[in-house]
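So the structure is just underneath, and the comments pick up after that.
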Amino acid sequence: MKRAILLLVSLLLSSAAFAQKAPAAPKPAGGRMELYLEAMDGQGWQWFFLADTVRRRLAGSGLKVYPLVTKGSDGKFTARRGDAELAESYRLAVVVKDYPGKLISYLNGRSLSPSADGWKDAALFAGINPDDLGRRASSEGDAALAAAYKKSSAAGVTETALFLGGKRYEGSQRLMPLYDAVNASLPAGRRVPLPAGYKPAPKAPPPAFWVVLSSGIEKNDALISVFDRYFEGIKPVVLDYSSPERAAKFPDLQFVPAYVLAATTEAKARLANEIKAGLFAEKGGFLVYEDRQRNGFYASRPAKNDTLELFVMSHCPFGVMAENSVLDAQKNKQLPEGLKLEIHYIGDAKKDDKGGWTFSSLHGQSEWEENARQLFIAKNFPDKFEAYLLERNKDINSSDWQKAAKAAGVDDAKVTAGFGAAKDLLAADFAATSGLGITTSPSFVVNGRNFMVGLGELIRTPGFEKVPPPGQPAAGCAK
């Protein structure tokens, strides 16, 4: 008996020694959510709200959040929405590193304190001294953000993304699909059952869905989430514009990215209002939406080499900033050599009962009248147009356009006398802009085919890196 006890103790001791030497088993990935968050991305915050709500409901789940930034050609960190987003990313990186247990509270506080200094209230809410957080963001921010950048790079993330169990979550951006996915990932004993007696109704399958892209253009996950709100569980097949599959299936596409739905009876019924508003074009049994929210490619438009087209509303402050930045870059020889600049305008023109023109513009009559004057001056006083524009942009809302004309050496009497011709120019220009589907000021087209919205996107385009950046977060005026 004594010998048996000694043998048992020996076996237990040797098992313990083996356990110490053996590598620790990895923790189960079930229920583990990781969010890579661009600090001022509204879509990313929606993911945070959903994931945090699920985390609080499912006791076995967890959520970690990492700030997401990129690096410029100079090796410095940059953020898609400018310096304010980058500063918040530094703070988030420090909270992740130094106050991990307070991160979720900080984020919840920050979501309810969105002002520039709202991070201080968020820190106090989370139990963090904001003075300490500010100092650490200055002294430790680069190292903390470098760690977050290393993690996002390893995950292959370039835009806000949610991971579940170490894999990118590809489900709908809805509460219950995420809840169901996280719940299903938990060990069987920790899953929350459905309410007693509830049987989910079968769901109709979504229509076939394709996204057509081109080189350098990415699909818009936020937009795909919008489609998912109409058709739960919809998944796109991604095609390249140059592929034989695209050419065979969608030979008439004129612009990419294009989001294409099978024009089923149900799809047309659910999208009836959007179709009526002109957001979708029905072509060959498909509903086509051309996405001009970021950048794109006019696949069927003739090239216009060495040309930069700038589309604005003359009274849009973001359009004015874009004009001034491009003209400043042109003056300082920071644009590609030999580049031709064209300025076009965004608005609508219709013939009235008497054959005259009726115009509409986002900022009212004074805007379309100024658009017309600028077109007239560009045509009839081409060597003085840019001087007029720079002078006019100093006080674009003033009714005294003659002051700018005189300063630029433009005969204001000839402009007034030629206003009828100016309106004809404006009608043609509005029609050309509308034909391209451009509705946001400022928008750009490089070499006739490469489209982008906002000065920030232009600056990322090779050859335009030296254009002075906007003095505030990227925005625009939408028609």
Could you tell me how many of the residues in the range 119-153 are of a type in the set (A, V, I, L, M, F, W, C) and closer than 20 Å to Lys76 by Cβ? 7
How many residues of the range 59-91 are surrounded by fewer than 19 Cβ atoms within 10 Å (Cβ to Cβ) and among the aliphatic types (A, V, I, L, M)? The answer is 3
Residues of the range 328-358 satisfying the condition of being aromatic (Phe, Trp, Tyr) and either modelled with pLDDT under 95 or surrounded by fewer than 12 Cβ atoms within 10 Å (Cβ to Cβ) (or both): Trp357
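A quick yes/no check of all residues on (1) modelled with pLDDT of 95 or more; (2) crowded, with 20+ Cβ neighbours inside 10 Å:
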| position | (1), (2) |
| --- | --- |
| Gly278 | no, no |
| Ala281 | no, no |
| Gly285 | no, no |
| Ala299 | no, no |
| Pro302 | no, no |
| Thr307 | yes, no |
| Val312 | yes, yes |
| Cys316 | yes, yes |
Of all residues making up the range 394-415, the number that are under 10 Å from Phe376 (Cβ atoms) and among the β-branched types (Val, Ile, Thr): 2
Residue satisfying condition, being at pLDDT 95 or above and in contact with an Asp or Glu (Cβ under 9 Å, 6 or more places away or on another chain), within set Val54, Val65: Val65
Sort out for me the helices (runs of 4 or more DSSP H) sitting completely within the range 256-362 that have 3 or more residues that are assigned by TED's automatic domain parsing to the domain that holds Ile459 and over 22 Å from the mean Cα position of the chain (by Cα). 317-331
Testing Met176 on (1) aliphatic (A, V, I, L, M); (2) in a helix (DSSP H, G or I); (3) closer than 30 Å to Ile224 by Cα; (4) at pLDDT 95 or above, one condition comes back false. Which one is that? (4)
Pairs where the first residue, in the range 156-169, is in the same structural domain as Asp221 (by TED's automatic domain parsing) and the second is at pLDDT 95 or above, C-beta under 7 Å, 6+ apart: none
When residues of the range 435-465 are limited to those that are touching a residue at least 24 places away in the same chain (Cβ under 8 Å) and of a type in the set (S, T, N, Q), the one farthest from Cys477 (Cα to Cα): Asn447
Considering only the range 198-245, how many residues are of a type in the set (A, V, I, L, M, F, W, C), exposed (fewer than 13 other Cβ atoms within 10 Å of the Cβ) and touching a residue at least 40 places away in the same chain (Cβ under 8 Å)? 1
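The values are calculated or read from the model by the stated rules, or taken from the named source; none is laboratory data. This one's a predicted model, so the numbers in the text were calculated from it and none came from an experiment. Neighbour counts are summed over all protein chains in view; Cβ atoms, including those assigned to glycine, are modelled from backbone coordinates with ideal geometry.
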